[in-house]
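The values are calculated or read from the model by the stated rules, or taken from the named source; none is laboratory data. Being a predicted model, the structure only gives us computed values, none of them experimental. Every residue, glycine among them, receives a Cβ derived from its backbone with ideal geometry; neighbour counts consider all protein chains shown. Side chains are part of the model used for accessible areas, which takes the heavy atoms of the whole protein and leaves out ligands, DNA and RNA. Shrake-Rupley method; radii C 1.70, N 1.55, O 1.52, S 1.80 Å.
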Amino acid sequence: MIIKVKNLVKRYGDLIALDHLSLSVNEGEVFGLLGPNGSGKTTAINCILSLLSYDKGEIEIFGQPMTPDAYNIKRDIGIVMQNVAVYNELTVYENIDYFCGLYVQDKKLRKKLVDEAIDFVGLGDFIKFYPKKLSGGLLRRLNIACGIAHKPKLIILDEPTVAVDPQSRNKILEGILELNRQGATVIYTSHYMEEIEQICSRIMIIDKGKAIATGTKDELKAMISMGEKITVETYSLSEEQLSRLRKLPNIASAVYKNQTLEIKSNKGQNNLETILDFIKREGIQFGKIYSEMPTLNDVFLEITGKELRD
Amino acid sequence: MFAHIFVNRLKCLLRDRETIFWTMMFPLLLAVFFNLALSNLNNGEIFKAIDIAVVDDNNYQYDQYFKVALDEASKGDDRLFNLTVTSKDNAEKLLNENKIAGYIVVEEPIKLVVNKSGMNQAIIKSFIDNYMQTVSSINSILLKNPAAQQELISSLSERQQYVKEVSGTNAEPNNILNYFYSLIAMACIYGCFFGMREVTDIQADISPLAARVNISPVHKLKAFIYSICASLVIHLFEIFILLMFLRFVLYVDFGPKTGYVLLTAFLGSVMGISFGAFVSAIVKKSENIKIAVLIGVSMTGSFLAGMMYQNMKYTIAQNAPVLSYLNPVNLLTDAFYSLYYYDTFSRYALNMGFLCIFIVIFSLGTYLIIRRRKYASL
Ligand SMILES: Nc1ncnc2c1ncn2[C@@H]1O[C@H](COP(=O)(O)OP(=O)(O)OP(=O)(O)O)[C@@H](O)[C@H]1O
Ligand SMILES: [Mg+2]
């Protein structure tokens, strides 16, 4: 067990930012913390790191209680904070070297690590640049390099891709998977479900400081009653046909709007087949038909009654 | 670890042009500016004995008292006048050639002839007025009590001494020193910008950068101390440059106690940095508000210590002496001043004592705030 958090409670005045949050992260996982803005992701991370004081709860990392002076624990953690934190007066190289140097004293080893980190985030052409001269995406990459250069066993990334263009974003995500393959356990927070789905092996969804569901993405999707979502483009659909459709087994809802029929099915087998049969039987002309599996957004929607993203 | 943090910190701070400007270039520029503005004042005020003449006629020769008074004022190294005793024509000629500031004709009342008005003329005039006032009081007293003559004569010479001191002190070139001393004090307290930055970069609830340092396996207070050492070194160096510049380029005199002058500058720098750290730690507001507080306090302190208007210092000392001890800028200014003026150390020591109390309060306050390593909110 890399991280174990039990009944963590954190209040900001009257606001309960974390409400008896418990979680555990296993070695070798990419653990995703998914929640809308303000759900308490950053607060949870900062409590785990002993940066924030909390009202209640227990936190263990690598099997030991985490405190501000648990230096042997801290030595093996790498953090990429939500806010870019680099020295404006130090160049790209110097910044990475500085933060790496807080963990690694040996100069030779450090040089190797810094060079690797620079390669890793692809900042080779920019080592002499000052942070002010870097674009947003490059700056984020520098921020990441500063956090992971010392090759930590546990890497915590708090929304490292905010305000990053898709290309940089993909590079970052691939990089995180690479670090994981090299043996690091990763905690990744985001409010982008696509990112979380793409890289995380286990996911915890939180809302208002409470864990509402935990599991692999398939497990999460299995938790809800919704099966696939089937969309049919068609120009002709009568009210009667629509109501006959709704009576088919396993259909949760069917809405016809703007020449598009949207059907949500309950979990079950052969849902698509049943609908295709129905369309054929009724002789409905159609353009495209496609079927989607439920997303994490649907999971969130079903559990909380609201959309993950506004 | 010390070397790693210290060296990187030096790099950071030295490349922070804005701070370097305010802590080093600004005081140097002010010094140059002061020098330009004050050099006129300086020329006008350095007291040189005034060239005068007195018309050598019977009146003069018979007026023993006045003759003695005038001779007395024209003797010695710190004399008031360079006196020429000459004929009226020659005196007139000297005056026209601007060789003398004025000449005196002894008649009833004593007459001063000048061809322009100025500081020197005013001094001669006040000398004569003083003399005549004294004479008239002597006369009136002698009429009543002839026995008091001897006593009066000695009081007369005291009076001259007084005249000389008034004009002499006002004309001391050293008065200008106070401007420069308060400038050094200001440069010292401007170290607060370094102190502020040190706290900003170590308090995770102020900057994300600090959060990153806080989660690294380095003891927070150690990281802070290593880092603030770099600030202190840079600021001391800046103050040293300022002192060198003042001493060897602008020829500002610090007196002979060089070691103590350096000690004062050192403590001043420590005070400035700890002051900034304290304000930054205790004012839980945006950086701009902190800067406003720092500049406000520094400038008010410098003003009250007489940096813009020298008599301010004395006004405070007379009317609200407590204030002069509560103002670290004034303590520093006065410390330099006492080193220059006094042979004894009591006033200097008093200033330094108060300064140290400030340093202790600022440092302790900062320590109590930053020693906490978990934050209630980030
Ligand atoms: N310093 C603070 N003081 C008071 N309330 C705070 C503070 N920091 C966060 N909060 C509140 O605590 C809750 C959780 O905030 P947190 O930053 O942990 O959310 P988050 O999930 O990281 O959001 P985001 O996706 O925007 O980063 C929010 O309601 C926020 O308003
Ligand atoms: Mg956050």
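Key figures for this structure:
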| read-out | value |
| --- | --- |
| A:Val255, sole failed condition from (1) at pLDDT below 85; (2) under 30 Å from A:Lys208 (Cβ atoms); (3) not acidic (Asp, Glu) | (1) |
| Candidates B:Tyr65, B:Tyr60, B:Tyr103, filtered to the one that is open to solvent by less than 60 Å² (accessible area, probe 1.4 Å), under 24 Å from B:Asn139 (Cβ atoms) and among the hydroxyl-bearing types (Ser, Thr, Tyr) | B:Tyr60 |
| Condition broken by A:Pro160, with the remaining ones in (1) within 16 Å of ligand 1 (Cβ to nearest atom); (2) under 16 Å from A:Leu90 (Cβ atoms); (3) not aliphatic (A, V, I, L, M) satisfied | (2) |
| Residue check, A:Asn72 part of a loop (DSSP other than H, G, I, E, B) and either closer than 20 Å to A:Ile118 by Cα or away from ligand 2 (no atom under 13 Å from the Cβ) (or both) | no |
| Positions within the stretch A:152-210 being in a loop (DSSP other than H, G, I, E, B), within 16 Å of ligand 2 (Cβ to nearest atom) and either under 9 Å from the mean Cα position of the chain (by Cα) or outside the structural domain of A:Lys10 (by TED's automatic domain parsing) (or both), in sequence order | A:Glu159, A:His191, A:Tyr192 |
| The stretch A:224-273: number of residues that are on the phi > 0 side of the Ramachandran plot and open to solvent by less than 20 Å² (accessible area, probe 1.4 Å) | 0 |
| Residues of the stretch A:8-51 satisfying the condition of being more than 12 Å from B:Ser377 (Cα to Cα), assigned to a loop (DSSP other than H, G, I, E, B) and within 16 Å of ligand 2 (Cβ to nearest atom) | A:Gly35, A:Pro36, A:Asn37, A:Gly38, A:Ser39, A:Gly40, A:Leu49 |
| Residue that is without any contact (Cβ under 8 Å) to a residue 40 or more places away in the chain, of a type in the set (D, E, K, R) and over 22 Å from A:Tyr192 (Cα atoms), where the choices are A:Lys128, A:Lys132 | A:Lys128 |
| Residue match in the stretch B:40-51 (condition: open to solvent by less than 70 Å² (accessible area, probe 1.4 Å), in contact with a strand residue (DSSP E or B) (Cβ under 9 Å, 6 or more places away or on another chain) and modelled with pLDDT of 85 or more) | yes |
| Matching option when the condition is closer than 26 Å to A:Arg181 by Cα and either more than 9 Å from ligand 1 (Cβ to nearest atom) or open to solvent by 50 Å² or more (accessible area, probe 1.4 Å) (or both), among A:Asn37, A:Asn7, A:Asn46, A:Asn26 | A:Asn26 |
| Residues of the stretch A:216-238 classified as in a helix (DSSP H, G or I) and among the hydrophobic types (A, V, I, L, M, F, W, C), total | 3 |
| Tally, over the stretch A:60-70, of residues that are open to solvent by 50 Å² or more (accessible area, probe 1.4 Å) and within 12 Å of chain B (Cβ to nearest Cβ) | 2 |
| Flag for A:Ala149 being within 25 Å of A:Val30 (Cα to Cα), within 16 Å of ligand 1 (Cβ to nearest atom), aliphatic (A, V, I, L, M) and surrounded by 20 or more Cβ atoms within 10 Å (Cβ to Cβ) | no |
| Complete set of residues in the stretch A:253-271 that are in a strand (DSSP E or B) and under 20 Å from A:Ser238 (Cβ atoms) | A:Ser253, A:Ala254, A:Val255, A:Tyr256, A:Lys257, A:Thr260, A:Leu261, A:Glu262, A:Ile263 |
| Subset tally (residues that are among the β-branched types (Val, Ile, Thr), within 14 Å of chain A (Cβ to nearest Cβ) and part of a helix (DSSP H, G or I)) for the stretch B:210-252 | 2 |
| Flag if A:Ala184 is in contact with a strand residue (DSSP E or B) (Cβ under 8 Å, 6 or more places away or on another chain) and of a type in the set (Gly, Ala, Ser) | yes |
| Criterion violated by A:Ile148 - all others in (1) over 30 Å from A:Lys221 (Cβ atoms); (2) out of contact with any strand residue (DSSP E or B) (no Cβ under 8 Å at 6 or more places or on another chain) satisfied | (2) |
| Residue check, A:Tyr188 within 16 Å of ligand 1 (Cβ to nearest atom) and either touching a Cys at 6+ places or on another chain (Cβ under 7 Å) or hydrophobic (A, V, I, L, M, F, W, C) (or both) | yes |
| Which listed residue is within 14 Å of chain A (Cβ to nearest Cβ), modelled with pLDDT under 90 and surrounded by fewer than 16 Cβ atoms within 10 Å (Cβ to Cβ), from B:Ser286, B:Ser377, B:Ser346 | B:Ser377 |
| Residue selected from the stretch A:75-101 under the condition without any contact (Cβ under 8 Å) to a residue 60 or more places away in the chain and within 16 Å of ligand 1 (Cβ to nearest atom), by the criterion surrounded by the most Cβ atoms within 10 Å (Cβ to Cβ) | A:Val84 |
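One line per residue, one yes/no per condition, for (1) modelled with pLDDT of 80 or more; (2) within 22 Å of A:Asn72 (Cβ to Cβ); (3) in a helix (DSSP H, G or I); (4) in contact with an Asp or Glu (Cβ under 8 Å, 6 or more places away or on another chain):
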position: B:Arg159; (1), (2), (3), (4): no, no, yes, no
position: B:Ser167; (1), (2), (3), (4): no, no, yes, no
position: B:Asn175; (1), (2), (3), (4): no, no, yes, yes
position: B:Gly195; (1), (2), (3), (4): yes, no, yes, no
